[in-house]
Amino acid sequence: MRLAVLDVGSNTVHLLVVDAHRGAHPTPMSSDKDRLRLAEHLDDSGALSKDGVKALLESVHRARDTAKASGCDDLMAFATSALRDATNSAEVLAKVADETGVTLEVLPGDDEARLTFLAVRRWFGWSAGRLLVLDIGGGSLELAVGRDEIPDEAASVPLGAGRLTREWFTADPPPRSEIERLTEKVRKDLKPVAERLKADGKPDHAVGTSKTFRTLARLAGAAPSSAGPRAHRTLTAQGLRQLSAFITRMSGPDLAEFDGVSAGRAHQLVAGSIVAQAAMDALGVEELDICPWALREGVILRRFDMLDGTTVDDRSAHDADSGLGPLTTRRAR
């Protein structure tokens, strides 16, 4: 089966086309990105601007046409924090559906965390034991922990690298005073979440996923992307501290000169490093393995899990209220 997954995020609109079937490793066939930075198109009222809507419609049109030309059997489309936060989200979603025929599902933050956790679990397998997964996006930070394919705890907090850069920094590179204030804020916001995730003890395996973690790991000495997705990559707390002291003195354009740093995200890297370091400190993590799979792969795996009418948490398909299906924590709240 050929499946297309369209991910409308805060920074990019990403279309991933894979060949796969239930129980098989999804094989990427193509990957196309539009760097729209939708979160930067939110006006003072929190609504997505006309220019932002126009850019989104054009991007979804292209993705739909690419999926059709690629012979895809299905197109799954979802949006994360940028549209989740937009005050005119319902209006924008209706306009996208009406003009492109593509239905975008807005994922709740906790579901982002759960689907990403599923992908990481499948990548590392059961031998990883109790997993802790961290994912820094443009608008939010997702965290999840557990022993199974569905985490015991999942959380999403508005600590995305792009969001914090826009809201807290006034210059590039940011002044030391702004870095210190942001660091204090992030640590404060993470404290109750970390306490919840640490309630059942230390994880056996801590994992970071997302472009931000991959970039930080690369700058700290991890293998380049040319080494392939299966190269073992790690990010240590000590390496991150040393790296953060270095990059906080550099501007986005200067950082973009380094191998592995995207020009479109370079200006967000300082905020991303602050979140990464605060999260590792709060959770007592000294080393993260970097996983190449994340939310998009979780959505794909979820889709194939549902093909036989079941879901990974053993509930029947009629309980599903969307194409992605239900995915909740096992622990009673």
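Here, each number is a calculation from the coordinates, and none is a lab measurement. Here the structure is a predicted model, which is why all the values come from computation and not from measurement. When we count neighbours, we look across all protein chains shown, and the Cβ atoms used for this are built from the backbone with ideal geometry, even at glycine.
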Worksheet item: Which of rounded, prolate, oblate describes region 169-266, given a ≥ b ≥ c as roots of the alpha-carbon gyration tensor eigenvalues and a/c under 1.5 marking rounded, otherwise prolate only if a/b is larger than b/c?
Response: oblate
Worksheet item: Rounded, prolate or oblate: which fits region 1-145, taking a ≥ b ≥ c as square roots of the Cα gyration tensor eigenvalues, rounded meaning a/c under 1.5, else prolate when a/b beats b/c?
Response: oblate
Worksheet item: P(r) for region 71-218: what percent of alpha-carbon pairs falls in each 5 Å bin, starting at zero?
Response: 2, 8, 15, 17, 18, 15, 12, 8, 4, 1, 0
Worksheet item: Once you wrap a convex hull around the alpha carbon atoms of region 1-80, what is its projected area averaged over all directions, in nm²?
Response: 5.3 nm²
Item to complete: Starting from the alpha-carbon convex hull of region 192-240, give the projected area averaged over all orientations, in nm².
Response: 4.4 nm²
Practice prompt. Place a +1 charge on the Cβ of each Lys and Arg in the chain and a -1 charge on the Cβ of each Asp and Glu, then give the dipole magnitude about the Cα centre in debye, rounded to the nearest 20.
Written response: 640 debye
Practice prompt. Compare 189, 98, 111 in a GNM of the chain, Cα atoms joined below 10 Å, and give the one with the largest fluctuation.
Written response: 98
Worksheet item: How many percent of all Cα-Cα pairs in the chain sit more than 38 Å apart?
Response: 10 percent
Discussion item. What aspartates and glutamates does residue 191 reach when the alpha-carbon gap must be under 12 Å and sequence neighbours fewer than 8 apart in one chain are set aside?
Written reply: 281
Response to the item:
Net charge (Lys, Arg +1; Asp, Glu -1) of residues whose beta-carbon lies under 11 Å from that of residue 202, residue 202 excluded, is -1
Worksheet, complete the sentence: For region 250-313 the chymotrypsin sites (Phe, Trp or Tyr not before Pro) that pass both the DSSP coil test and the at-most-14 other-Cβ-within-10 Å test are 258
Fill in: Set of lysines near residue 33 by C-alpha distance (under 23 Å), chain-local residues within fewer than 8 positions excluded
50, 54, 68, 95, 211
Worksheet item: When the chain is treated as a GNM, springs tying every alpha-carbon pair under 10 Å, which of 144, 278, 24 comes out with the largest mean-square fluctuation?
Response: 24
Worksheet item: Hey, in the GNM for the chain with a 10 angstrom Cα cutoff, which one of 214, 114, 181 fluctuates hardest?
Response: 181
Worksheet item: HN-Hα J couplings of region 22-34 from phi, Karplus 6.51/-1.76/1.60, θ = phi - 60°, integer Hz, Gly and Pro as x?
Response: 4, x, 9, 6, x, 9, x, 9, 7, 8, 10, 10, 10
Worksheet item: Which three lengths, in whole Å and largest first, does region 84-145 cover when its Cα atoms are put on their principal axes?
Response: 46, 22, 14
